Amino acid sequence: MFIKNSRLDRFILALNTSLLIFAVLLVIIPLIYVVIASFMDPSVLLSRGLSFNISDWSLQGYQKILSNPAMIRGFGNAIFYASAFALVTVLVSICAGYALSDSRLKGRGFFMTLFIITMFFGGGLVPTYLLVKNLGMLNTVWAVIIPGAVNVWNIILSRTFFKGVPNELREAANVDGASEARIFLSIVLPLSKPIIFVLALYAFVGQWNSYFDAMIYLDNPSLHPLQLVLRSILIQNQVDPSMISDQLAMAEMKKLSEIIKYAAIVVSSLPLLVMYPFFQKYFEKGVMVGSLK
């Protein structure tokens with residue numbers, strides 16, 4: 001059945017299409033620029049800009065980054081931190097969300113209020129550092145994983161999702177003699193894949209891009225994640241004119257630091273770009289269900 005749109009409808013559709021195309025270009029063009037620039041010869045990039053001629057391309061930026069022995073170690077650390085952080089965050093969020101979604105829990109409004117207060121008020125950096133220090137977690141992997149593992153927004157999303165699970169399923173399981181743990185593990189959890197994948201993706205991406213906690217709590221370079229290693233590489237390759245008297249050496253350092261920045265962005269973004277397509281179907285469904293129900 002064909003529906004003829006009015007002139008106003010056609011104008012709105014055309015406007016929406018134009019805005020969407022513009023938004024896509026805002027995202028795609030910088031991404032393409034960074035990827036191509038990471039393969040460019042530094043001299044060509046600074047003198048002529050981007051070039052699609054293969055002869056003007058170089059792997060110098062990637063060679064500089066990957067030749068650093070700390071890169072492989074940092075990459076492995078980052079994967080471990082992000083995976084462990086996602087696991088702990090998801091476990092805490094779904095357990096707390098499931099409990100708070102049950103109307104039989106006495107005082108759930110009080111507990112929810114306490115959780116929400118922490119979204120607006122915090123102790124600050126110094127008290128948090130002292131707490132981590134007094135718990136003996138300084139210079140350990142737990143200093144990166146534990147402090148931010150409880151995310152109130154994730155708990156709210158989980159609670160909202162579990163409220164959408166039909167009570168009839170729980171009641172039928174109770175009639176069959178299933179315990180509360182059995183109901184959660186065998187009935188509720190298999191239905192919760194969308195929200196679990198959404199929370200895991202949120203936590204993984206957030207921890208993967210984080211370097212501040214590691215910079216504050218970890219003094220041992222062997223424990224540094226990829227982002228902190230990349231930060232160190234970029235700082236080491238920054239040019240300070242007051243420290244370099246040779247103009248040619250300063251120019252070469254400037255070229256190299258420029259190409260390293262683009263290569264570092266690509267290297268640090270690859271795992272997320274590879275992972276997202278596998279999470280996309282769960283991501284879209286989980287966000288909508290957890291936000292709107």
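Using only Cα atoms and rounding to the nearest 10 degrees, what angle (0 to 90) does helix 7-38 make with the longest principal axis of the chain? Taking Cα atoms only, the helix is inclined about 50 degrees.
Based on the alpha carbons, how large is the Rg to Rh ratio for the chain when Rh follows Kirkwood?
On the way: Rg = 25.0 Å, Rh = 23.2 Å.
Taking Rh as the inverse mean 1/r over Cα pairs, Rg/Rh reads 1.08.
Here is how the number arises for the chain: DSSP H runs of 4 or more residues each give -39500 (n - 2.57), the sum is divided by the residue count, and the result at 222 nm is -23500 deg cm²/dmol.
Taking Cα atoms only, the orientation of helix 193-208 departs from the longest principal axis of the chain by about 30 degrees. For the options P147, P225, P30, a Gaussian network treatment of the chain with springs between C-alpha atoms closer than 10 Å singles out P30 as fluctuating the most. Look at the alpha carbon pairs under 8 Å that are at least 6 residues apart: their mean separation over the length of the chain gives a relative contact order of 31 percent. Close amide-amide hydrogen proximity is noted between M40 and S58, each under 5 Å apart and 5 or more residues distant or on a separate chain (H modeled in the peptide plane; Pro and chain starts excluded).
Treating only the Cβ of Lys, Arg, Asp and Glu as charged (+1, +1, -1, -1), what charge dipole size does the stretch 11-113 show about its Cα centre? Round to the nearest 20 debye.
Values: 6 positive and 3 negative charges, 93 e Å.
The dipole magnitude comes to about 440 debye.
Each reported figure results from applying straightforward, stated rules to the coordinates on display, with no laboratory input. Nothing here was measured: the structure is a model prediction, and the numbers come from that model. Note that we place each Cβ from the backbone using ideal geometry, even for glycine, and neighbour counts take in every protein chain shown.
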